[in-house]
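Engineer: This is the structure I have questions about; it appears just below.
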Amino acid sequence: MKNLCIDIGNTFIKLYLVEKPDKVTLLERMPEWNEDFKILAQYIEKHELTQGILSSVRHTNTALLDFLQNQLTYFINLSPDTPIPINNQYEQPQTLGKDRLGGVVAANHLFPNKNCLYISAGTCITYDFIDHTGKYWGGSIAPGMYLRFKSLNDYTDKLPFVKPQQLEDFIGTTTEKSILTGVIEGFIAEIDGRIQQYEARFGQIQALITGGDALFFEKKLKNEIFAHPNLLPIGLNKILEYNILSLWND
């Protein structure tokens, strides 16, 4: 069965085709929708898609929801009320980012019966913990790499905006290199520190990382980490399948 998974993030909209077992194909990556959701309609027709799920961290687009409900036989707009295959202990589920929820579902699916720390490095960097029993507890949210570079430029008079690039050394010999090492090495230390913090409390942790910025530092981390570009669509697809299976069992 082929499923459509849509991830609407703060910066980009991503359309994924997901097939069993966890085969993910990125169909499209774009900043905004085109007129009348033409691209979306083309992919639905081309791949003969009848089932789909939407995760959005932006405000509700009612026109998009109407379109998907009309185009697909079975459609889920992921919400706090959507049944999920984990035990959500978050105290404020109404405010929980759907991307965070999808990520921990993927972590629990890929590493069942293990304590997992799901790290997503995008516009924000988020850390989310799910224990070996499948209980999701929450985590942390911090500014992502781009926001850190941008804030140094926005909130100072003289510091330039620096684009991310690989470091030659951790000691910056120019202002631009000093900003690079400050942000990127700081990021690395933060991630390693978070993993160690969870390990100190819960014992062995399986750390997973995804997101567009992960490529800059995944190989520099001291801790062993599982890097995968498509953790979110894998998690969204598991939620979709979980709900479809529930329908069959009713």
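Engineer: Suppose only helical runs count, i.e. DSSP H with n ≥ 4. What mean residue ellipticity at 222 nm does that imply for the chain under -39500 (n - 2.57) per run, divided by all residues and rounded to the nearest 500 deg cm²/dmol?
Structural biologist: Details: 6 runs with 89 residues, N = 250.
When only DSSP H runs of four or more count, the value is -11500 deg cm²/dmol.
Engineer: Taking amide hydrogens as modeled 1.01 Å from N in the peptide plane, which residues meet the under 5 Å criterion relative to residue 28, leaving out close sequence neighbours?
Structural biologist: 15
Engineer: Taking loop as defined by DSSP and a crowding limit of 16 other beta carbons within 10 Å, which chymotrypsin sites (Phe, Trp or Tyr not before Pro) in segment 1-46 fit?
Structural biologist: 12, 33
Engineer: Give me the distance in nm between label points sitting 7 Å out from Cα along the Cα-to-Cβ direction at residue 47 and residue 166, one decimal.
Structural biologist: So the two model labels end up 3.2 nm from each other.
Engineer: Right, another one. Please give every one of the aspartates and glutamates within straight-line cross-link reach of residue 220, meaning a C-alpha to C-alpha distance under 17 Å, and leave out same-chain neighbours fewer than 8 residues apart.
Structural biologist: 168, 169, 185, 190, 192
Engineer: Follow-up question, since we're still on this one. Is there a quick way to get the dipole size of the chain? I mean about its Cα centre, with the Cβ of Lys and Arg at +1 and of Asp and Glu at -1; what is the value in debye to the nearest 20? Let's see the in-between values first.
Structural biologist: Working: 23 positive and 29 negative charges, 63 e Å.
Approximately 300 debye in magnitude.
Engineer: Next up: For the chain, what is the accessible area per residue in Å², given a 1.4 Å probe and the full set of protein chains? Intermediate results must be reported in sequence, preceding the final value.
Structural biologist: Numbers: 13450 Å² over 250 residues.
With the other protein chains kept in place, the chain gives 54 Å² per residue.
Engineer: Give a residue-ordered list of calculated ³J(HN,Hα) values for segment 182-190 (Karplus: 6.51 cos²θ - 1.76 cosθ + 1.60, θ = phi - 60°; whole Hz; x for Gly, Pro).
Structural biologist: Values, residue by residue: x, 6, 5, 5, x, 4, 4, 5, 5 Hz.
Engineer: Two decimals, Cα atoms only, Kirkwood Rh: what is Rg/Rh over segment 6-124?
Structural biologist: Details: Rg = 14.9 Å, Rh = 15.7 Å.
With Rg and the Kirkwood Rh in hand, the quotient comes to 0.95.
Engineer: Rank these residues by their accessible area, most exposed first, probe 1.4 Å: 1, 30.
Structural biologist: Values: 1 130, 30 15 Å².
Descending accessible area places them as 1, 30.
Engineer: Here's something else I'd like to know. So if R0 is 35 Å, what FRET efficiency would residue 199 and residue 96 give, r being the distance between their Cβ atoms, rounded to the nearest 0.05?
Structural biologist: The computed FRET efficiency comes out at 0.90.
Engineer: Moving on to the next point. Applying the Karplus parametrisation 6.51 cos²θ - 1.76 cosθ + 1.60 with θ = phi - 60° to the phi angles of segment 50-55, what ³J(HN,Hα) value in whole Hz is obtained for each residue in order, glycine and proline being reported as x?
Structural biologist: 10, 10, x, 9, 10, 10
Engineer: Can you tell me the dipole magnitude for segment 67-161 around its Cα centre, using point charges on the Cβ only (Lys, Arg +1; Asp, Glu -1), in Debye to the nearest 20? Show your work: numbers first, answer last.
Structural biologist: Numbers: 7 positive and 7 negative charges, 40 e Å.
In debye, rounded to 20, segment 67-161 gives about 200.
Engineer: Let me ask another. With Cβ to Cβ distances under 13 Å as the rule, what net charge do the other residues near residue 46 carry (K, R +1; D, E -1)?
Structural biologist: Details: positive: 2, 38; negative: 28, 45, 48.
Local net charge: -1.
Engineer: Accessible area, 1.4 Å probe, largest first: how do 48, 91, 176 sort? Could the numbers behind the result be given before it?
Structural biologist: Values: 48 145, 91 175, 176 100 Å².
If we order 48, 91, 176 from most to least accessible, we get 91, 48, 176.
Engineer: Given bins 10 angstrom wide, list per bin the percent of all Cα-Cα distances in the chain, short to long.
Structural biologist: Calculated P(r), rounded to whole percents: 7, 29, 32, 22, 9, 1, 0.
Engineer: Kindly write out, for segment 77-93 in residue order, the coupling ³J(HN,Hα) from the Karplus curve 6.51 cos²θ - 1.76 cosθ + 1.60 (θ = phi - 60°), rounded to whole Hz, with x marking Gly and Pro.
Structural biologist: Working through the residues one at a time gives 9, 4, 9, x, 8, 6, x, 9, x, 9, 9, 8, 9, 4, 6, 10, x Hz.
Engineer: If I take R0 = 51 Å and measure r between the Cβ atoms of residue 74 and residue 178 in this structure, what FRET efficiency does the formula 1/(1 + (r/R0)^6) give, to the nearest 0.05?
Structural biologist: Values: r = 53 Å, r/R0 = 1.03.
Rounded to the nearest 0.05, the efficiency is 0.45.
Engineer: Hey, got the Cα dimensions of segment 142-250 along the principal axes, in Å, largest first?
Structural biologist: Rounded to whole Å, the extents work out to 64, 31, 22 Å.
Engineer: Report the extension gain between residue 32 and residue 153 in nm, rounded to one decimal, defined as 0.36 nm multiplied by the number of residues separating them, less their alpha carbon distance. Provide the component values of the computation, followed by the final result.
Structural biologist: Values: separation 121, 0.36 × 121 = 43.56 nm, distance 2.60 nm.
The residue 32-residue 153 span can extend by a further 41.0 nm.
The values are calculated or read from the model by the stated rules, or taken from the named source; none is laboratory data. These numbers come from a predicted model, not from an experiment. In this analysis, Cβ positions are derived from the backbone assuming ideal geometry, glycine residues included, and neighbour counts consider all displayed protein chains. Heads up: the accessible areas ignore ligands, DNA and RNA and are worked out on the full protein's heavy atoms, side chains in. Shrake-Rupley method; radii C 1.70, N 1.55, O 1.52, S 1.80 Å.
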